[in-house]
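These notes are about the structure you will find just below.
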Amino acid sequence: NTFLGNVKVSAGSDTFASSGLALYWANVDYTGFTGTGFLPTRISGNLTLGSGMSISSSSNLTTFTSTSGTKTITSNGVAIDRPVIFDGVGGTWQLVDAMTVGSSRTVTLTNGTLDTNGQTCSWGLFSSSNSNTRVLTLGASTISLTGTGTITPWNCSTSTNMTLNAGTSTLVFATSSQS
């Protein structure tokens, strides 16, 4: 996989899209962009969304793949309506602000550390069910799971090698999922 480097879209209100490429980007920065953007297949660095933009809805995955250092995710109130995966051995991702992921989408922690940093999050579903080394740090976060379907809204059924730092967090199961 070849990363295309950093992508910065700092102005405009059109649709920013790409087709036909399996996109692997380092840092993605939409600060100042107010149109409709998209997220690449893989992001190895930081993600900053523009406060006036929207993200195209998709069933395609966006995977955060960093394997070192702490990378940040700044949503600026923009919902991400696609599956989000954190999968980087030794990587750490920290939320800068609240994170909303579509109600029919899953946030998956496969490898590495996800630190919600005390933020309020609304995710469809959450999954971290494998034996890879992973850490979920919630602190004082409130995580609302709003998904629908027939799967478990909070799936950590295989918890081998998982560390949960729950802190004073709150989990809200506002879902119609069964299980």
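The values are calculated or read from the model by the stated rules, or taken from the named source; none is laboratory data. Quick caveat, the model's predicted, so the values are computed rather than measured. Neighbour counts are summed over all protein chains in view; Cβ atoms, including those assigned to glycine, are modelled from backbone coordinates with ideal geometry. Side chains are part of the model used for accessible areas, which takes the heavy atoms of the whole protein and leaves out ligands, DNA and RNA. Shrake-Rupley method; radii C 1.70, N 1.55, O 1.52, S 1.80 Å.
Among residues of the stretch 54-76 that are closer than 20 Å to Phe16 by Cβ, those with a Cβ under 7 angstrom from a residue that is of a type in the set (Phe, Trp, Tyr) and in a loop (DSSP other than H, G, I, E, B), sequence gap 6+ or separate chain, pair up as Ile55/Phe38; Ser56/Phe38. Are any residues in the stretch 133-152 surrounded by 16 or more Cβ atoms within 10 Å (Cβ to Cβ) and more than 12 Å from Ala98 (Cα to Cα), and if so, which ones? Selection gives Arg134, Val135, Leu136, Thr137, Leu138, Leu145, Thr146, Gly147, Gly149, Thr152. Within the stretch 108-132, residues that are farther than 16 Å from Asn76 by Cα reach partners that are among the acidic types (Asp, Glu) with beta carbons closer than 6 Å, at six or more positions or on different chains, in the pairs Thr110/Asp87; Asn111/Asp87.
Of the residues in the stretch 79-102, at least one is of a type in the set (Lys, Arg), in a loop (DSSP other than H, G, I, E, B) and open to solvent by less than 30 Å² (accessible area, probe 1.4 Å). Look at Leu39 and say whether it is part of a loop (DSSP other than H, G, I, E, B), surrounded by 14 or more Cβ atoms within 10 Å (Cβ to Cβ) and hydrophobic (A, V, I, L, M, F, W, C). Against the criterion (part of a loop (DSSP other than H, G, I, E, B), surrounded by 14 or more Cβ atoms within 10 Å (Cβ to Cβ) and hydrophobic (A, V, I, L, M, F, W, C)), Leu39 qualifies.
Matching residues to (1) touching a Ser or Thr at 6+ places or on another chain (Cβ under 7 Å); (2) acidic (Asp, Glu); (3) farther than 15 Å from Leu47 by Cβ:
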{"position": "Met99", "(1), (2), (3)": "yes, no, no"}
{"position": "Thr106", "(1), (2), (3)": "yes, no, yes"}
{"position": "Thr110", "(1), (2), (3)": "no, no, yes"}
{"position": "Thr133", "(1), (2), (3)": "no, no, yes"}
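A single member of Gly91, Gly118, Gly77 is in contact with a Leu (Cβ under 9 Å, 6 or more places away or on another chain), at pLDDT 95 or above and farther than 19 Å from Asp29 by Cα, and it is Gly118.
Only a single criterion out of (1) open to solvent by less than 10 Å² (accessible area, probe 1.4 Å); (2) within 13 Å of Ser68 (Cα to Cα) is not satisfied by Thr116, namely (2). For beta carbons closer than 8 Å, sequence separation of 6+ or different chains, a first residue in the stretch 4-16 that is under 15 Å from Ser54 (Cα atoms) and part of a strand (DSSP E or B) and a second that is open to solvent by less than 70 Å² (accessible area, probe 1.4 Å) and β-branched (Val, Ile, Thr), the qualifying pairs are Thr15/Thr36.
The one condition from (1) of a type in the set (Val, Ile, Thr); (2) open to solvent by 20 Å² or more (accessible area, probe 1.4 Å); (3) part of a loop (DSSP other than H, G, I, E, B) that Thr72 does not meet is (3). Every condition in (1) under 15 Å from the mean Cα position of the chain (by Cα); (2) open to solvent by 30 Å² or more (accessible area, probe 1.4 Å); (3) more than 20 Å from Ser44 (Cα to Cα) is met by Ser129 except one, and the failing one is (1). Identify all residues within the stretch 26-48 that are among the aliphatic types (A, V, I, L, M) and within 12 Å of the chain's Cα centre (by Cα); write none if there are none. Passing the criteria: Leu39, Ile43, Leu47.
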